[in-house]
Amino acid sequence: MSEKILAVAAGHEITEKELNNLIANYPPEQQVYLSNPQAKDELLEQLIGFHLFAKMADEEKIKESQEYKETLEKMKNELASHMAATSVIEKVAVDEKEIKKFYDENPGQFVAGAQVCAKHILVEEKEQAEKIAKEISEGKAFEEAAREYSTCPSSEKGGDLGYFGKGQMVPEFEKAAFEGEMGKVLGPVKTQFGYHLILVEDKKEEKKVSYEEIKDNLYSQLLQQRKQEKYANTVKELEAKYGVERKK
């Protein structure tokens, strides 16, 4: 069965296969987006432009120019160098025993620190913060008050800061959030930014991350580390073999 032709540009038939091959060159996470009809239409227009300019290049004899020949030679060298480097690092592997050994020997790296999930309202004056706290105690929603009064960009999300760990907030704010009672409006808490009202919604205690939870990420981390080591060691070997003279 013949390939479905999507367009003809400067005499070149652009087929569905050519378009799909172009999509396949993108990273997997982008391929999903590029498979929708609108994105495909945009890519088809890019292919049309490519073939039109290719025809223009032929007519203007760009391939015969010295600049083209020099650029092509440079690209050949870059491609060959890239392929040689890839042939070295693609042989690197990490097995299950190495991953588990690293996990067992580095327990301190696999501890998830304590976290809190909180919302806040930031204002300049203590009196204003106390007034807002009174409104909330009388029934006003914390999120509504944050949108109305808070000077922090988080006001657009009702003051929501999401989860954060120790060391991510200024000390006064951190102390109040981690030590304060959940579900109760805390403050006003003074920091260098002004006065905060804080609502802690959840707390997560420090815990050890299990091997099953981390092994996939650890595999990627160790594999990348091994590849970098292999690359660096191969560069040293090639320096000794071919010679390098640095003049700076």
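The values are calculated or read from the model by the stated rules, or taken from the named source; none is laboratory data. Computed from a prediction, not measured in an experiment: that's the story for all the values here. Every residue, glycine among them, receives a Cβ derived from its backbone with ideal geometry; neighbour counts consider all protein chains shown.
Structure above, values below:
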| quantity | calculated |
| --- | --- |
| The range 177-229, residues that are closer than 19 Å to Ala114 by Cβ, buried (at least 19 other Cβ atoms within 10 Å of the Cβ) and of a type outside the set (Val, Ile, Thr) | Ala177, Gly180, Leu186, Leu199 |
| Qualifying residues in the range 54-109 (those that are of a type in the set (Ser, Thr, Tyr) and in a helix (DSSP H, G or I)) - the one surrounded by the most Cβ atoms within 10 Å (Cβ to Cβ) | Tyr103 |
| Subset of the range 110-137 (residues that are assigned to a loop (DSSP other than H, G, I, E, B) and farther than 23 Å from Ser154 by Cα) | Gly113 |
| The range 1-33, residues that are in contact with a helix residue (DSSP H, G or I) (Cβ under 8 Å, 6 or more places away or on another chain), more than 26 Å from Lys55 (Cα to Cα) and of a type outside the set (S, T, N, Q) | Tyr33 |
| Inter-residue pairs, beta-carbon under 8 Å, first loosely packed, with under 11 Cβ neighbours inside 10 Å and in the range 17-44, second part of a helix (DSSP H, G or I) and not basic (Lys, Arg), 6+ apart | Ala24/Gln31 |
| Gly187 being assigned to a strand (DSSP E or B) and farther than 12 Å from Glu201 by Cβ | yes |
| Qualifying residue in the range 235-246 (condition: more than 30 Å from Glu125 (Cβ to Cβ), among the aromatic types (Phe, Trp, Tyr) and surrounded by fewer than 12 Cβ atoms within 10 Å (Cβ to Cβ)) | yes |
| Members of the range 195-236 that are at pLDDT 95 or above and either of a type in the set (Val, Ile, Thr) or on the phi > 0 side of the Ramachandran plot (or both) | Ile198, Val200, Thr234, Val235 |
| Failed item in (1) exposed (fewer than 11 other Cβ atoms within 10 Å of the Cβ); (2) assigned to a strand (DSSP E or B); (3) not β-branched (Val, Ile, Thr), with Ala232 passing the rest | (2) |
| Selected residue [in the same structural domain as Lys236 (by TED's automatic domain parsing) and in contact with a helix residue (DSSP H, G or I) (Cβ under 9 Å, 6 or more places away or on another chain)] from Asp95, Asp104, Asp160 | Asp104 |
